[in-house]
Protein chains: 2
Amino acid sequence: MKHNFGAGPCILPQEVFKEAAEAVLNFDNTGLSILEVSHRSKEFVAVMDEAMDLVKKALNVPQGYSVAFVQGGASLGFLISAMNMMRDTKKAAYINTGTWSSKAIKECKNAGGTPIEIASSEDKNFNYIPKNVNVPSDCDYFHFTSNNTIFGTQFKEFPKSSIPVVCDMSSDIFSREINVADFDIIYAGAQKNLGPAGATLFIVKDEILGKSSVSIPTYLNLKTHVEKESMFNTPPVYSVYVAMLNLRHLLATGGVPAMAKANQAKADLIYGEIDSNPMFEGTTAKEDRSNMNVTFVLTDETHKEEFDKMWNAAGIVGLKGHRSVGGYRASMYNALPISSVQVLVDVMKEFANKYA
Amino acid sequence: MKHNFGAGPCILPQEVFKEAAEAVLNFDNTGLSILEVSHRSKEFVAVMDEAMDLVKKALNVPQGYSVAFVQGGASLGFLISAMNMMRDTKKAAYINTGTWSSKAIKECKNAGGTPIEIASSEDKNFNYIPKNVNVPSDCDYFHFTSNNTIFGTQFKEFPKSSIPVVCDMSSDIFSREINVADFDIIYAGAQKNLGPAGATLFIVKDEILGKSSVSIPTYLNLKTHVEKESMFNTPPVYSVYVAMLNLRHLLATGGVPAMAKANQAKADLIYGEIDSNPMFEGTTAKEDRSNMNVTFVLTDETHKEEFDKMWNAAGIVGLKGHRSVGGYRASMYNALPISSVQVLVDVMKEFANKYA
């Protein structure tokens, strides 16, 4: 039994893997593999429609918003969101919480805009979330990254803004309740809590569509994908299919509220251990600790090799920290059961018993 | 038993589906699903490297060329290729063989270029390939679509060009031998002869990289993907994995030369039937007939319903023609066995016996 703490692509429910494997051999009793069906077939059109509908259900997406599946990951999403939100000023306000925000800022420039870094936590290697940020009113939009996978920080409250809000929620969408009406564009690479890599989710306020002040190539225009109901061109069929299966599973097991509760319990368990175990310390400000990506280091590296052997022996995978932070990163996406977190916590306790 | 004549996403070898399904449950004996492994894991890095290497082997890609897997399909490829090939004149020469060429022309404009339609078959609903085209020397590049899936036409010889050549080979790459050295950029959506939807293949002459006269956003710059060996951001993991399996299968069964021979035999079989059967006629100029997508109509619609019942009963799927042409389209990608073509031909014969 493996315990997958990988940062993404990452664990999905085992039931989803089972159904996903079956469909590669026989999709929806068509006698065909999901990999060989036309995206225009009635069977796949039904999948796409259900996937978009389940996103709306799971997040209580209000009237006046559309859902679209696009390709290119958040990395292309940085550009797409900037291009679609350019208005008169071509200025945009960004909070920089590291790596992904920095990349988003770069693509704002590539979209012809002037990004303004209104706050940053770079002074402390992005180990906290800037607070009390004053979002200026003279920009076209405000952008932030809800959760930083690398540094293990997460916005617990979202900044207030009088201008349109764009959020990259790649690594914590569907992990907690959000009020979609507070946002103009939400985007997220699928490969954390949604599904396999290869699809990018956009949730878009319809009224922002078609109002950009810059010329947008067809594929990068969200209007294209909304109007064509995510079928402008061949979509990433399998990624959307598995996302649909995963969303069905999410809704059948209590939806986002149940998931948020489970994620909090997992976070309490591991952060509790980090704070009480003398061998470990967290790397981020306590109040900004991510419930998705838990970053920690050894207080003393003497027995690092022994610790690494212990968690490896326990079937834990994906625990190595990102090179920007070092140490360890326990990613605990929706599908990771608390029993896996308990296995890690038990290893941490045993490690302290042996070497503290 | 189904006979999948779908235009794409389309049939892949049954052996590939079997391996692809197994990996969703246990990838490479990791005890993890291919859908949950990190794209930075050594196991998946090996997959990506092998996939790129097998593309080179299968097409005898010469030194000085790179292979990259990107996302967004040919629809984003239209823009990417144009942006990367813009030079001093910003003019580009396009042959318009329908739909896909038209879309490529549009994205050349969106890239800031001036597309020049140097030849077109629009006068006859794109039912032929323009011949003896004189490619001007005062453009930045020349673009054409090697095979048109909708109208069922295919370049049998490629136009001579003194300027850099860009080709959208989405629907016939790996179906016949090509001389990669004749091209500067080849691109192709994966979902015909390569693998599942969600990946786009680029084969790029290294010396064209970084020389564009327009500013290119990061994701759209081929230099990004070549330098990062298709790992600039999370790639479409599963699509690349299955493409790798399919390329292994291709090379193990004789490679592109064997495939070209098999494809010619399938084409001879069905076009032979179309030409000898009084109930059917082809819709394209004979010399331009695609070996991938065979378009034909009934000479008399009286017994259309009976014909449709007959092929449905034989287990044939995906035969309906595109709305732009009507009638029927038998797509015969690499993985479609000649036995499936024989089933269709037998139905056509039986139909003529009953109703001619």
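The values are calculated or read from the model by the stated rules, or taken from the named source; none is laboratory data. Values in this document were obtained by computation on a predicted structure and should not be read as measured data. All Cβ positions, glycine included, derive from the backbone under ideal geometry; neighbour counts span all protein chains shown.
For the range B:190-216, give me each residue that is part of a strand (DSSP E or B) and within 19 Å of the chain's Cα centre (by Cα). Selection gives B:Thr200, B:Leu201, B:Phe202, B:Ile203, B:Val204. For the range B:269-303, the set of residues classified as free of Cβ contacts under 8 Å to residues at least 40 places away in the same chain and aromatic (Phe, Trp, Tyr) consists of B:Tyr271, B:Phe296, listed by residue number. Could we say that A:Ile270 is out of contact with any His (no Cβ under 8 Å at 6 or more places or on another chain), under 23 Å from A:Cys167 (Cα atoms) and among the β-branched types (Val, Ile, Thr) here? No.
Any idea which residue in the range A:162-176 is nearest to A:Val204 (Cα to Cα), counting only those that are among the polar types (S, T, N, Q) and either buried (at least 22 other Cβ atoms within 10 Å of the Cβ) or touching a residue at least 40 places away in the same chain (Cβ under 8 Å) (or both)?
The residue in question is A:Ser170.
Please go through (1) touching a helix residue (DSSP H, G or I) at 6+ places or on another chain (Cβ under 6 Å); (2) within 11 Å of another protein chain (Cβ to nearest Cβ); (3) more than 29 Å from A:Ser38 (Cα to Cα); (4) touching a residue at least 60 places away in the same chain (Cβ under 8 Å) for B:Pro217 and return the number of the only condition it doesn't satisfy. Only one criterion in (1) touching a helix residue (DSSP H, G or I) at 6+ places or on another chain (Cβ under 6 Å); (2) within 11 Å of another protein chain (Cβ to nearest Cβ); (3) more than 29 Å from A:Ser38 (Cα to Cα); (4) touching a residue at least 60 places away in the same chain (Cβ under 8 Å) is unmet by B:Pro217, namely (4). Tell me yes or no: at least one residue of the range A:29-41 is aliphatic (A, V, I, L, M), touching a His at 6+ places or on another chain (Cβ under 9 Å) and more than 21 Å from B:Pro235 (Cβ to Cβ). The answer is no; no qualifying residue exists.
Would you call A:Tyr187 part of a strand (DSSP E or B), in contact (Cβ under 8 Å) with a residue 12 or more places away in the chain and touching a Ser or Thr at 6+ places or on another chain (Cβ under 7 Å)?
Yes; evaluated as a whole, the condition is true for this residue.
Before we move on, is B:Ala68 of a type outside the set (Phe, Trp, Tyr) and more than 16 Å from A:Thr218 (Cα to Cα)? In short, yes. The sole residue among A:Ala92, A:Ala119 that is more than 14 Å from every other protein chain (Cβ to nearest Cβ), small (Gly, Ala, Ser), outside any loop (DSSP other than H, G, I, E, B) and touching a His at 6+ places or on another chain (Cβ under 7 Å) is A:Ala92. Find the residue count for the range B:276-335, including only residues that are acidic (Asp, Glu) and either buried (at least 17 other Cβ atoms within 10 Å of the Cβ) or in the same structural domain as B:Ser171 (by TED's automatic domain parsing) (or both). Counting residues in the range B:276-335 that are acidic (Asp, Glu) and either buried (at least 17 other Cβ atoms within 10 Å of the Cβ) or in the same structural domain as B:Ser171 (by TED's automatic domain parsing) (or both) gives 1.
When the residues of the range A:57-86 are filtered to those that are away from chain B (no Cβ under 14 Å) and of a type in the set (Val, Ile, Thr), the one that is nearest to B:Arg323 (Cα to Cα) is A:Val67. Taking the criterion of being within 28 Å of the chain's Cα centre (by Cα), of a type in the set (A, V, I, L, M, F, W, C), facing chain A (nearest Cβ under 8 Å) and assigned to a helix (DSSP H, G or I), the residues of the range B:1-38 that qualify are B:Phe17, B:Ala20, B:Ala21, B:Val24, B:Leu35.
Which of the residues that make up the range B:225-267 are on the phi > 0 side of the Ramachandran plot and acidic (Asp, Glu)?
Result: B:Glu229, single match.
Name the single residue, out of those in the range A:103-144 being surrounded by 22 or more Cβ atoms within 10 Å (Cβ to Cβ) and closer than 18 Å to A:Asp182 by Cα, that is nearest to the chain's Cα centre (by Cα). Once the filter is applied, the top-ranked residue is A:Phe144.
Could you tell me whether B:Pro257 is under 20 Å from the mean Cα position of the chain (by Cα) and closer than 23 Å to B:Val204 by Cβ? No, not satisfied. Suppose the filter is closer than 20 Å to A:Leu319 by Cα and aromatic (Phe, Trp, Tyr); does B:Phe17 pass it? No; evaluated as a whole, the condition is false for this residue.
If the condition is being farther than 18 Å from A:Asn312 by Cα and either facing chain A (nearest Cβ under 10 Å) or of a type in the set (Lys, Arg) (or both), then the range B:41-56 contributes B:Phe44, B:Lys56.
Inspect the range A:337-352 for any residue being under 30 Å from A:Gly189 (Cα atoms), crowded, with 18+ Cβ neighbours inside 10 Å and among the polar types (S, T, N, Q) and give the result as yes or no. Scanning the range A:337-352 turns up at least one residue that is under 30 Å from A:Gly189 (Cα atoms), crowded, with 18+ Cβ neighbours inside 10 Å and among the polar types (S, T, N, Q).
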